[in-house]
1. Kindly list, by first and then second residue, each pair from a residue in region 122-139 that is over 17 Å from ARG28 (Cβ atoms) to a residue that is of a type in the set (S, T, N, Q) and open to solvent by less than 10 Å² (accessible area, probe 1.4 Å), limited to pairs with Cβ atoms under 6 Å and residues at least 6 apart or on different chains.
2. Can you name the residue in region 416-437 that is over 25 Å from GLN303 (Cβ atoms) and out of contact with any Phe, Trp or Tyr (no Cβ under 7 Å at 6 or more places or on another chain) and is also surrounded by the fewest Cβ atoms within 10 Å (Cβ to Cβ) among such residues?
3. Go over the candidates PHE389, PHE413, PHE384 one by one and state the one that is more than 13 Å from the ligand (Cβ to nearest atom), of a type outside the set (D, E, K, R), open to solvent by less than 30 Å² (accessible area, probe 1.4 Å) and under 25 Å from LEU332 (Cα atoms).
4. Provide a single number: the residues in region 296-326 that are within 14 Å of the ligand (Cβ to nearest atom) and out of contact with any strand residue (DSSP E or B) (no Cβ under 8 Å at 6 or more places or on another chain).
5. Could you check region 810-838 and list, in sequence order, the residues that are over 15 Å from the mean Cα position of the chain (by Cα) and in a strand (DSSP E or B)?
6. I'm trying to understand the selection: among the residues of region 721-751, which are buried (at least 24 other Cβ atoms within 10 Å of the Cβ) and touching an Asp or Glu at 6+ places or on another chain (Cβ under 6 Å)?
7. Among the residues of region 258-276, which ones are at pLDDT 95 or above and either touching an Asp or Glu at 6+ places or on another chain (Cβ under 7 Å) or open to solvent by less than 10 Å² (accessible area, probe 1.4 Å) (or both)?
8. Can you list the helices (runs of 4 or more DSSP H) found entirely within region 185-295 that contain at least 1 residues being β-branched (Val, Ile, Thr) and within 13 Å of the ligand (Cβ to nearest atom)?
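The values are calculated or read from the model by the stated rules, or taken from the named source; none is laboratory data. Note that the coordinates shown come from a computational prediction; the quantities given were computed from them, not determined experimentally. With ideal geometry, Cβ positions are generated from the backbone for all residues, glycine too; neighbour counts draw on all protein chains shown. Heavy atoms of the whole protein, side chains included, go into the accessibility calculation; ligands, DNA and RNA do not. Shrake-Rupley method; radii C 1.70, N 1.55, O 1.52, S 1.80 Å.
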Amino acid sequence: MADTKASVADIFESMSYGPAPESDAPARAWLAAHAPHLRLFIGGEWREPSGGEYFPTVNPAAATPLIDIAQGTAKDVDAAVRAACEAFPLWSGLSGHARARYLYALARQIQKHSRLLAVLETMDNGKPIRETRDLDIPLVARHFYHHAGWAQLLASEMPEMGPVGVIGQIIPWNFPLLMLAWKIAPALAAGNTVVLKPAEFTPITAIVFAEICQAVGLPAGVVNIVTGDGRTGEALVKHPDVNKIAFTGSTEVGRIIRRATAGSGKRLSLELGGKSPFVVFDDADLDSVVEGVVDAIWFNQGQVCCAGSRLLVQESVADRLLARLRARMEKLRVGDPLDKAVDIGAIIAPVQLEKITRLVQQGVDEGAQMWQPSWSCPTDGYFFPPTLFTEVSPSSTIAQVEIFGPVLVAMTFRTPAEAVALANNTNYGLAASVWSENINLALSIAGQIQAGTVWINCTNVFDAASGFGGYRESGYGREGGREGLYEYLKPIWEAAADDAESQARNANGSSRSRRRATLANEAAPATNGAHAEPNGHAYSGHDGSGGFAATGFGTPPIDRTAKLFIGGKQARPDSGYSREIYSPSGEALGEVGEGNRKDIRNAVEAAHKASAGWAAATAHNRAQILYYIAENLAVRAEEFAARIVAMTGCPQEEADREVEASIERLFSYGAWADKYDGAIHRTPLPGMTLADNEPIGVLALACPDERPLLGFISLVAPAIAMGNAVIAIPSERHSLSATDFYSVLETSDVPAGVVNIVTGPSDTLAKVLAQHDDVDAIWCFGSAESAHDVEAASAGNMKRTWVSYGHSRDWLDAAQGEGREFLRESTHVKNIWIPSGE
Ligand code: NAI
């Protein structure tokens, strides 16, 4: 710090900083007015926690308590959820314009109180005032403004969608008010009501926000704030009347929440950790790169989910860049975050400081070279100096684990391919930065990195108009932009079905929700035996005819056991077993292979081999193949319809309709293949923010029992149209529509491995696929029990899931059976930020 008595000449000589503190007086006055403790905001009222328990929130820059916080209990959470349920009809029933006015009022009030919010945020979190004042709070206001706009436009822009209901939102401590805004603004815009639990370390600004809600006259119960620790979060996650959980925080807790909500019917969006690559090519502007690194890893003390914590630099410029970086680090200022000239503030809490210290020590122990500036940090709070590691091996702990502190690990690469391999050498996929003056190279690398956001020649830029969220173990769902809004909307037909079902439930006292509708004539035979296939010969003892069975369309067929379809070839099941497929009257219609875990492994491997090539095929090519499949199916329409009649017993016209609808569906997705394009978001960045709909990779599809052909095609067609490779499990009861389909695929130029089909016990196979770490997403249109198993097992690699919970949809109705919902589930949005200018 500068000597305040120094002369102007001395200051010119040393160029040292003088103190530039932001006044904390208004914030202290606010705290004093609310002392000794803050309360819960439930149903528009301030309440003491039912357990009477409070805990202090601490200023990490001084290690002193600020005020006590209420520990919300399960009872308080229940009261808040009830208040949100009660407010829902009113809030969702308001016109979009009325909701827009409320959101607009919230944005205005946030702006009016921006300085108080910024100072309180800095005191509670420890991040520099420069960040809270210039970034966090302006972005908070921006989110409410932007979503006021969505409230206004929703009815005309997304007329087929409606709100989800009561949303439980759980947020972390690193961007307390910003995360609140990212969650509450879109939820309210879409007509939902919310219960939000702030992080235990940083609840103060959420309480100021609740006061703002009161001040603008937001109807009681629309926003409820329940403070507390993980136990409060857990109660919210488990509450039966919460329709969706939106969570930001650690991958570990994300996993717990995934398992806790499995099978509950709650929607889930997760924004989890990251280990984001910061990739520097030899033609990058190294001075800009140095400033970029400062923003990437020392912004918010590196406690940022998308922090550019892995510096990947092309070998030829590595020494030069690292030298400049060390010189810059030497000039960074760590200290009182309320000082406007401080770059790096305090670490949130001792527990986080210990975690950082431990991981840094582990880096040293594992042989990496650590470098820190010569100056030392203040000792009256929780501070950690900016730290650089070199000589880091890509598999070492510090290169893999999210440190969540001001610690950068540097590695080198030689070629672009090596850069991509290193960048993707992580389980995470939240963000990346790419630095090069060669736009072709930068865009090509951006396309190859598995991450939800890629910044080109910039880093850590955010805006309400652009979606933010992860690939892989960084979670799923987006926040911001049109893509983020879908997290808080569901198709209106689903809401209508829910209403009808709950009325029926009330009428007959049934506790199960929207039971799976089955065709009346679909009853399965009592036995569904699996038969050994000795010496590779099909054996069926069922009709005593050596395996011949009437097909329902005249001539007896040549005995044939359908195999599996893996890697473009018909493959014998590993088990050597097959299972009979019966007609409703119990006649054996044919046999299909009994797939098992090994077959699934082979199918996943085949899908993986095919997926990169298929994703890279032009949309036009994919469309051509879908049309070709349709053409080949049309030629055999009669045969497929007869098979449906035989398997389900439905009338001939029904089966004809199903085949016709299947052909039309293939046409729809042929049409969509080159039309489901992205957007250029209107963010403030000079340049462009491109939102690209990318294929997810390898998708597992457990197809519905109803409409065996149409259900199968309704899942496979959108997934492959968008460039994914799939493993489909056909209807267990009526598998023959899918196995007949092999030959259609074989004659339609579908590349080997793009569509793999494994017949057998649906629920078991779906669970195996959900557990498989090389499957990127799974859809399950099976039973409620299967939905539970799939969701719980998906927590392994945090794959995306889309499950029906045993509810059926009308596959013949295009509003339910095809379209954007399927396309959204087949893709994830990557936002690529491309600045322009000299
Ligand atoms: P955390 O994931 O435990 O906490 C985030 C939120 O979840 C908090 O509001 C917390 O009260 C709540 N929570 C905790 N357990 C819960 C449960 N069982 N059910 C429901 N809610 C629960 O994160 P924490 O402990 O604050 O930080 C631990 C590590 O997580 C950090 O070191 C960092 O690596 C990572 N982290 C990542 C963040 C991100 O934005 N990706 C944000 C915060 C932390």
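1. LYS127/ASN300
2. ALA417
3. The match here is PHE389.
4. Residues flagged as within 14 Å of the ligand (Cβ to nearest atom) and out of contact with any strand residue (DSSP E or B) (no Cβ under 8 Å at 6 or more places or on another chain) within region 296-326 amount to 5.
5. Residues satisfying the conditions are ILE832, TRP833, ILE834, PRO835.
6. Matches in region 721-751: SER731 only.
7. Within region 258-276, ARG258, THR261, ALA262, GLY263, SER269, LEU270, GLU271, LEU272, GLY274, LYS275, SER276 meet the criteria.
8. Numbers: elements: 204-215, 230-238, 251-261.
Result: 230-238, 251-261.
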